[in-house]
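Visitor: Let me begin by handing over the structure; questions about it come next.
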Amino acid sequence: MRIGFVGLGNMGAPMAANLVRAGHEVAGFDLAGPWVEGVTPAGSAAAAAEGAEVVVTMLPGGAILREVASAVLPSMGRGAILLDCSTVEVAAAREVAAQAAAAGIGCLDAPVSGGTGGAAAGTLTFMVGGDEDAFATCRPLFDAMGARAVHCGAAGNGQAAKICNNMILGVTMLATCEAFALADRLGLSREAMFDVVSTSSGQSWSLTTYCPAPGIGPSSPADDGYRPGFAAELMLKDLRLAQQAAEGAGADTPMGQRAAALYETFVEREGGRGRDFSAVLPWLAERGRG
Ligand code: NAD
């Protein structure tokens, strides 16, 4: 397929490279102008979109997505598809889908989980909102960039699934870090806590796959000095998106709200920016009560 790709950052560059590897013809544009092997550089987002059957976007947030959508939609042909893989507000995804529909262009919101490792390995999971036919058309692209694509319903539902998942992730990571910090103070070894909890009812992905305690469980960013991985500020971004969506929908999410507040403190006042989101453990362990 002929693909336009806008946003060749940490995630976008390896995703575009996987599309090239799968035999697609990719024209790419990024404001910062990185070079990706096999991707034809375009002079603007609109130029990358010209003649493309699908335009993939992988951008930092909703405001930039709105801007890029307004730039690319006029140069896309009727029947082409805008496939946005960024994590943005549910409302932004729905607005952009409506704008595309008015121009006779298909649109999917397809945020991902799996991080930069999954993007490079082509094992991302896509959570997709939008039209079934557009989902079917984009299937070969999901296969090239990921291991799994789940159709979640109408426009915006991919973003809804993503923020619900990441709200659970933020909360379970904080709970797991708190439990390790408590175990330390109670004189319970981290190994013993891991051995018990990983096979008991407190277990979660945050403990067994991405253990925040170094030297325990499978290898994780904790074993690499908390180099991200998934940066704490990206977790904060997703928790804020969840709170924004909850407010708009009138949902009560007290744990998500507390998790957002804790990550805000960690990122903005406690040196968490640029560290993995599991680095909350050394912060809490050292801080103690008080
Ligand atoms: P990034 O900052 O590395 O990449 C974003 C790219 O967009 C940058 O290269 C930037 O130059 C480019 N850009 C910004 N404005 C632009 C414009 N107007 N036109 C063209 N290019 C523009 O971010 P990333 O880590 O690749 O994340 C991208 C998206 O994926 C985000 O929405 C993020 O929340 C989501 N995400 C990231 C991860 C992760 O682990 N990094 C995991 C899942 C989802």
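Visitor: Where both residues lie in the chain, what percent of DSSP beta bridges are antiparallel, nearest 5?
Guide: Bridges in the chain that DSSP calls antiparallel: roughly 15 percent.
Visitor: Please check: in the Gaussian network model of the chain (C-alpha springs, under 10 Å), which one of Thr208, Thr87, Thr116 has the largest mean-square fluctuation.
Guide: Result for the chain, Cα springs under 10 Å: Thr208 fluctuates most.
Visitor: Something else now. If I take every Cα pair under 8 Å that is 6 or more residues apart in the chain, average their sequence separation and divide by the length, what percent do I get for the relative contact order?
Guide: Once divided by the residue count of the chain, the mean separation gives 13 percent.
Visitor: Taking the dipole about the Cα centre of segment 1-90, with the C-beta of Lys and Arg at +1 and of Asp and Glu at -1, give me whichever of Pro41, Gly62, Ile81 is farthest to the positive side.
Guide: Ile81
Visitor: In whole Å, what are the extents of segment 106-197 along the principal axes defined by its C-alpha atoms, from largest to smallest?
Guide: Its Cα atoms span 57, 25, 19 Å along the three principal axes.
Visitor: Classify segment 148-188 from the C-alpha gyration tensor, please: rounded if a/c falls under 1.5, else prolate or oblate depending on whether a/b exceeds b/c.
Guide: Taking the square roots of the gyration eigenvalues as a ≥ b ≥ c, segment 148-188 is prolate.
Visitor: For the chain, which whole-number percentage of the solvent-accessible area (1.4 Å probe, protein heavy atoms only) is attributable to carbon and sulfur atoms?
Guide: Accessible surface attributable to carbon and sulfur in the chain totals 54 percent.
Visitor: As a test, work out the antiparallel percent of DSSP beta bridges whose residues both lie in segment 84-241, rounded to the nearest 5.
Guide: For segment 84-241, the DSSP antiparallel bridge percentage is about 35.
Visitor: Could you give the spread of the C-alpha atoms of segment 168-290 along their three principal axes, from largest to smallest, in whole angstroms?
Guide: For segment 168-290, the Cα extents along the three principal axes come out at 43, 30, 30 Å.
Visitor: Using every Cα-Cα pair within segment 1-87, state what percent have a distance larger than 23 Å.
Guide: For segment 1-87, the fraction of Cα-Cα distances above 23 Å is 9 percent.
Visitor: At 1.4 Å probe size, with every protein chain present, just tell me what the per residue accessible area of segment 171-290 comes to in Å².
Guide: 53 Å²
Visitor: For segment 259-269, take each phi angle, set θ = phi - 60°, evaluate the Karplus expression 6.51 cos²θ - 1.76 cosθ + 1.60, and give the result in whole Hz per residue in order, putting x for glycine and proline.
Guide: For segment 259-269, the Karplus curve yields 4, 4, 5, 5, 5, 5, 4, 4, 6, 8, 10 Hz.
Visitor: Percent of Cα-Cα pairs per 5 Å bin, from 0 to the last occupied bin, for the chain, please list those.
Guide: 1, 6, 12, 16, 17, 15, 12, 9, 7, 4, 2, 1, 0, 0
Visitor: With a ≥ b ≥ c the root eigenvalues of the C-alpha gyration tensor of segment 15-168, is it rounded (a/c under 1.5), prolate (a/b larger than b/c) or oblate?
Guide: Cα axes put segment 15-168 in the rounded bin.
The values are calculated or read from the model by the stated rules, or taken from the named source; none is laboratory data. Here the structure is a predicted model, which means the values were calculated and not measured. Here Cβ is always computed from backbone atoms with ideal geometry, including for glycine, and neighbour counts include all displayed protein chains. These area figures cover heavy atoms from the full protein model, side chains too; ligands, DNA and RNA do not enter into them. Shrake-Rupley method; radii C 1.70, N 1.55, O 1.52, S 1.80 Å.
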